[in-house]
1. Kindly provide the set of residues from segment B:371-394 that are more than 29 Å from B:Ser236 (Cβ to Cβ) and assigned to a loop (DSSP other than H, G, I, E, B), ordered by number.
2. Only residues that are touching a residue at least 60 places away in the same chain (Cβ under 8 Å), closer than 23 Å to A:Ala176 by Cα and surrounded by 24 or more Cβ atoms within 10 Å (Cβ to Cβ): list them for segment A:96-120, please.
3. Could you pull out the residue among B:Ser110, B:Ser74 that is outside the structural domain of B:Gly180 (by TED's automatic domain parsing), under 21 Å from B:Pro452 (Cα atoms), in contact (Cβ under 8 Å) with a residue 40 or more places away in the chain and near the ligand (Cβ under 8 Å from one of its atoms)?
4. Considering only segment B:154-199, state which residues are more than 9 Å from every other protein chain (Cβ to nearest Cβ) and hydroxyl-bearing (Ser, Thr, Tyr).
5. Applying the selection to segment A:308-343, what residues are away from every other protein chain (no Cβ under 13 Å) and touching a residue at least 60 places away in the same chain (Cβ under 8 Å)?
6. Can you tell me which residue within segment B:426-481, out of those that are modelled with pLDDT of 90 or more and among the hydroxyl-bearing types (Ser, Thr, Tyr), is nearest to the ligand (Cβ to nearest atom)?
7. Those residues that are assigned to a loop (DSSP other than H, G, I, E, B) and over 15 Å from A:Val170 (Cα atoms), I need them from segment A:109-139; list them, please.
Amino acid sequence: MSATIHQPTTPLELADAIRAAPRAIIVGAGTKPRLSRVSEDFARIATTKLRGIVEYEPSEFTFTALAGTPLREISAALAKCGQYLPFDPLFAEAGATIGGTVAAGVSGPGRFRFGGLRDFILGVRFVDGDGRLMRMGGKVVKNAAGFDLPKFFVGSLGRFGALAEVTFKVFPRAQATRTLRLLARDATALTKILTDAANTRWELDALDATPGEGFVYARLAGPEEALEVLAREIFARWPGATLTAEAARQLWREAGECAWAHAGGTLVKLAITPSAVPAVVEAVSGLPEARSWISAGGNVAWVSLPPGKSRATPWNWPAVTMRGAGPLWPGSPVNYNVFRAMKTALDPQGRYPALDS
Amino acid sequence: MASDAIKRLLALLPPGRVLAGAAHMAAYESDGLTAFRAAPLAVVVPETQDEVIAAVRFCHAEKLPFVARGSGTSLSGGSLPVTNGIVITLNRLNRVVRLDPIERVAVVESGMVNTHVTLAAQPYGLHFAPDPSSQSICTIGGNVAFNSGGAHCLKYGMTSNHVLGLKAVLATGEVVTFGGSSREQVGPDWTGLFCGNEGLFGIALEVTLQLLPRAEMFHTVLAGYATLEAAGEAVSAVIASGLLPGAIEIMDALALEAAVAAVHADYPPNSAAVLIVELEGPREVVAADRVRLEKILAGSGAMEVRVAKDAAERLAIWKGRKSAFSAVGRLSPDFIVQDGVVPRRKLGEALKHIGEYAAEARLRVANVFHAGDGNLHPLIMYNGREPDGLARAEALAGKILRMCIAMGGSITGEHGVGVEKRDYMPEMFTVDELDCMKRVRAAFDPETIANPGKMFPAAEAPVLAQHGLHPLEKAGVISRE
Ligand SMILES: Cc1cc2nc3c(=O)[nH]c(=O)nc-3n(C[C@H](O)[C@H](O)[C@H](O)COP(=O)(O)OP(=O)(O)OC[C@H]3O[C@@H](n4cnc5c(N)ncnc54)[C@H](O)[C@@H]3O)c2cc1C
């Protein structure tokens, strides 16, 4: 890996740094290192000093922050006004930046209720492969002018442009939450709880599962007085227990930081559907020491393997490796001509790495 | 040459799929923006996805411009034909490919009508959230192309927030499948990029939609205010309280008057503005939230607050709201509707300016809008028979759009740029940004054959006709929001 690390402090400096580097990869706090593990030819440009909240209007439900702003800082500012990013951005405690989170395209348990990161991003400022600093999308909660490039940057891994600044929609936080742990006999029972619980009147706030332990975690959010009744109704259907506030905090921290995963191991995100959960569980059980965490009501599976390990055959589901060993795309990625054409549109000279490198 | 192309097209597709000739073309020469007209060379009416693919590949090979068309309700000239181009109309591509109530996903063909998705999902207690006022007629393909909204965007987002994946034939003839049935993806969000492309990338064939369980309970409140400002301040108070209503809408006096005349809507007497707030969710949550809402509204200086006691009263409130614009349209021979966005806290200021601009232009403007999103819908009334009627109305519309840009908002919240607002794009985006978007378009459509002349400022201007109600509104089939 190249030793030179540039640390621009403003969007214009970022554009300068990029124009000065014939080949460049942008890195945030490095909480998902596999995504930026590219050949040494690429100068590493870090966003760590490109930080700060540029604008926050609680009455608008929007904020704008420089790409290197730590999630922690954003969450703290929002919390002061009773607001939050409803998709529970991942790796906040580990120092993840908002820009890196967008580029990685990852959302936490809260994505179950109102949608993922892609559903809350409103605008971006970015530097394309020609070194031009541009703005796409808007700063208001609703905008349909021009192509939705902000969404395209979600999950784009810094392969098409460097994010300088991002604008998000936020929501008011519910007054109270309550987390229930439900017991599932096996993967099939667990899946049934996931799909049944999602199809009720309860409007759960999060719905995760740990197949290794046979637990489903359902989080309710809303006015305190409503939660007791809803919880009772859920327990009437499945056995389980309410977690203490402290245990719930621990649990969602574990989910949000992937603290359950092997330290220094491989971490893969799989985009699945709820009915695929049993198949995922089976595939994981065939790998020595593998662990998994199911999120978003069975729409995401996180898989962790011990350090240095990766799956020998491709996953049956779209997959991306966030940390550790193995290919970047360990599924069977499709490739269309338009993918190459988009690369040419945003990065004609190939300044940023290719999507498949 | 043109007729040769039609011959080859006729030979390519099964009989009855290609319409040509003036009589047929008349029905397709406009969309919901009735001010503009253009005559296409031919209209293709495919029955299958393969026929759409064949038609697009034909256009690509012949370098013939084409315009995809759903139900033609675009309010910005998005589905306006290209003179001597092909219109590919998708209404017959309207099958449900798959509906999975367990995973809460529907895969539908792009010509399916918006409400038909919810109708198909209803037996399972599910619904498709995006609800444009034109929903009983507009298509999913049109919703996707315009990333259409509705009254519930603040909480639920726009169309693209409910599209999980899609299959499309791009203008190059390449058939792609983006995303899938999972609510999460890996890699760049191609699906998200495709939504809102205004028909410039190609044609969506099949769309994978997320369905949501229908809320158990709705609590719909209508409050009358003596001034528009007071209604605006009530919105700010609701937002500041930490409540997240499903919808927050405002109608001004002129809109109220029209709704009373058109659908006999009943509003608190002497209201200069009416605010509609709707809470929804599990009944216990709504019960707690409504207490908070009642306190806020009691302190907001409302002259009268009415709560819908049952589903019928709720529907009546929404009927008045959803019919308001078409109703206003009936008060005037011609009108234009704008849909600029301003930061919510600047709503009051924006409405004040609109009033001043209208007075200067000697035109009447009614306002019905998505207050929760800052999405204005000023309806500018004018008489097209007055020599400068249209010009004055367009000048006023332009002033309003510029005000939205200056306030840090947008020229369109949900109706799209189309032909109507393409000349304002350079005021919202820099030369580099427009160039970047053109490069993106070229990635999908290197020959510029998919809906050319839309979104970007262009040289050739279509022929002006008259403003006024969409033909379907005149027939009372739909109303606009
Ligand atoms: C009375 C009235 C009320 C309205 N209310 C609202 C509202 O509340 N909210 C709102 O957002 N809009 C509203 N609209 C605007 C309009 O209904 C929406 O833009 C709608 O999504 C258009 O759908 P359509 O099927 O009529 O598309 P069309 O008008 O036929 O086409 C719209 C655009 O989509 C493209 N297109 C259509 N199908 C496809 C496809 N399969 N693949 C690719 N591109 C395609 C066309 O080329 C065109 O650019 C209203 C319009 C009217 C007339």
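1. Our first condition is that a residue be more than 29 Å from B:Ser236 (Cβ to Cβ); within segment B:371-394, this holds for B:382-394.
Scanning segment B:371-394 gives B:Asn383, B:Gly384, B:Arg385, B:Glu386, B:Pro387, B:Asp388.
2. Those that are touching a residue at least 60 places away in the same chain (Cβ under 8 Å), closer than 23 Å to A:Ala176 by Cα and surrounded by 24 or more Cβ atoms within 10 Å (Cβ to Cβ): A:Ser107, A:Gly108, A:Pro109, A:Gly110, A:Arg111, A:Phe112, A:Gly116.
3. Details: B:Ser110 fails: outside the structural domain of B:Gly180 (by TED's automatic domain parsing).
That would be B:Ser74, the only listed residue that is outside the structural domain of B:Gly180 (by TED's automatic domain parsing), under 21 Å from B:Pro452 (Cα atoms), in contact (Cβ under 8 Å) with a residue 40 or more places away in the chain and near the ligand (Cβ under 8 Å from one of its atoms).
4. Hit for segment B:154-199 is B:Thr159, nothing else.
5. Passing the criteria: A:Arg323, A:Gly324, A:Gly326.
6. Kept after step one, since they are modelled with pLDDT of 90 or more, are these residues of segment B:426-481: B:426-457.
Restricting the remaining residues to those that are among the hydroxyl-bearing types (Ser, Thr, Tyr) gives B:430, B:448.
Numbers: B:Thr430: 24, B:Thr448: 14 Å.
Going through the qualifying residues, I end up with B:Thr448.
7. A:Pro109, A:Asp128, A:Gly129, A:Asp130, A:Gly131, A:Arg132, listed by residue number.
Residue by residue, here is whether (1) surrounded by fewer than 24 Cβ atoms within 10 Å (Cβ to Cβ); (2) facing chain B (nearest Cβ under 9 Å); (3) not charged (D, E, K, R) holds:
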site	(1), (2), (3)
A:Arg132	yes, yes, no
A:Val140	no, yes, yes
A:Asn143	no, yes, yes
A:Leu149	no, yes, yes
A:Val154	no, yes, yes
A:Gly158	no, no, yes
A:Arg173	yes, yes, no
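The values are calculated or read from the model by the stated rules, or taken from the named source; none is laboratory data. Just so it is clear, the model here is predicted, and its values are computed rather than measured. Methodologically, a virtual Cβ is constructed for each residue, glycine included, from the backbone with ideal geometry; neighbour enumeration extends over all protein chains shown.
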